[in-house]
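Following: one structure in structure tokens, then a few remarks.
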Amino acid sequence: MGNARSIRRAVDIEVDAQVTLLTLIVALHLLVYAETRWWLTASQAVDAMRRWHVADKDAFDVMRRVALSSRALPLAMRLVECHASLRDPAGLQAAFTDQLQIDKQTDQYRIIRGACEAALVRV
């Protein structure tokens, strides 16, 4: 029984980490779009993934990060169509507390995270 709980806990931690990473990548796409009205290119997204990989080597291997990154842009495009608040540069900038961290209490974060959770659960 204890072994099953620890396996379930490990799976939950991994899924949560994937949701968090996907949320941050989608937020990055949305922030760039809100400020420039351009989406990140594939090479820019890959470059961001490389930088995150260097900073956080232990979370996921490169292939998992690339797989998550490839799901981020279509998800961001759907979100921006449905939520006007995600097209507002001031609102999205305000969600980033110090240019590095995202404020998890903002409506924007909750919308993005909820969509990322739903997208990953569907798989």
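The values are calculated or read from the model by the stated rules, or taken from the named source; none is laboratory data. On a predicted model such as this, the values are computed, not experimentally measured, just so you know. So basically every Cβ, Gly included, is an ideal-geometry build from the backbone, and we count neighbours across all protein chains shown.
Out of the residues in segment 94-107 that are within 20 Å of Arg37 (Cα to Cα) and in contact with an Asp or Glu (Cβ under 8 Å, 6 or more places away or on another chain), state the one that is modelled with the lowest pLDDT. Per the stated criteria, the residue is Phe96.
Does Arg51 qualify as being among the charged types (D, E, K, R) and either at pLDDT below 85 or farther than 13 Å from Val26 by Cα (or both)? Yes.
Filter segment 77-96 down to residues that are under 13 Å from Ile111 (Cα atoms) and of a type in the set (A, V, I, L, M, F, W, C), then give me how many there are. Of the residues in segment 77-96, 7 are under 13 Å from Ile111 (Cα atoms) and of a type in the set (A, V, I, L, M, F, W, C).
Residue by residue, here is whether (1) at pLDDT below 90; (2) assigned to a helix (DSSP H, G or I); (3) under 13 Å from the mean Cα position of the chain (by Cα) holds:
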| site | (1), (2), (3) |
| --- | --- |
| Glu14 | yes, yes, no |
| Ile25 | yes, yes, yes |
| His29 | no, yes, yes |
| Trp38 | no, no, no |
| Arg71 | no, yes, yes |
| Ala76 | no, yes, yes |
| Ala90 | yes, yes, no |
| Tyr109 | no, yes, yes |
| Ala115 | no, yes, yes |
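The residue of segment 92-107 that is farthest from Leu22 (Cα to Cα), among those that are hydrophobic (A, V, I, L, M, F, W, C) and part of a helix (DSSP H, G or I), is Ala94.
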